[in-house]
Amino acid sequence: MQGQPVAAEIKFKTSEIQVLKLGKITLTAVLLVLGLQTAAWAADTANYTITGSANNWILDFTFTNGIGSNNLDIYFVGVDIPGGSFVSAPANWSNYGGYIGYNITPLNYGASIPDMIQNGESVSGFKFLSNSVTAPTSVNWFAYHNDWVNGGQGNPVVFGTASVLAVPEPETFALMLAGLGLVGTIARRRKQSLTT
């Protein structure tokens, strides 16, 4: 896997979110308060690629705001990478240090609204270092939203887990193509034998 980009799939609970220090409440209750539709929440995503080798994995995250409200921008994200550290982030994002058990937390607190992650937008370049021997296969994350246009209304947070999807090695692709070629040859011969 060394040097191979690895995609990640996000799986998160849409039944619970946390709003500021109110604790966990059902998604339906929050959506009723905020006037949002349930389907809109399921679209927030994060994914990452991995490059590097043992004790030196670089995880390059992309966060996508799919919350469904034009004014609820993502301004604060975090990941939990045991033994991990902050490498870099997009313009006007800086490392907050740590928050609610997440050790790496880039923050853009009102510094530059255009640099926040707006509804429907994806922002990449959140790079973190993992010093684990093996590449991390899943990473917990969060994304805080805020309505800066209407005086800080809302402030929901979405929690998720990014799970690495296996990227087949070149040998696997070669074996798969050889198998497909064999199946195609057999099908062609059967068709020819049926027509004669």
Considering only the stretch 105-117, I want to know if a residue exists there that is open to solvent by 20 Å² or more (accessible area, probe 1.4 Å) and modelled with pLDDT of 85 or more. yes
Test residue 83 against the criterion of being among the small types (Gly, Ala, Ser) and farther than 18 Å from residue 162 by Cβ, and give yes or no. no
Subset of the stretch 76-101 (residues that are among the hydroxyl-bearing types (Ser, Thr, Tyr) and either modelled with pLDDT under 90 or open to solvent by 50 Å² or more (accessible area, probe 1.4 Å) (or both)): 94, 96, 99
If a residue has to be in a loop (DSSP other than H, G, I, E, B) and more than 23 Å from residue 55 (Cα to Cα) to count, how many in the stretch 109-151 make the cut? 13
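The values are calculated or read from the model by the stated rules, or taken from the named source; none is laboratory data. As the structure is a computational prediction, the values presented were derived from the model and not from experiment. Heads up, the Cβs are rebuilt from the backbone with ideal geometry, glycines too, and the neighbour counts pull from every protein chain shown. To get the accessible areas, we keep the full protein, side chains included, count just its heavy atoms, and leave off ligands, DNA and RNA. Shrake-Rupley method; radii C 1.70, N 1.55, O 1.52, S 1.80 Å.
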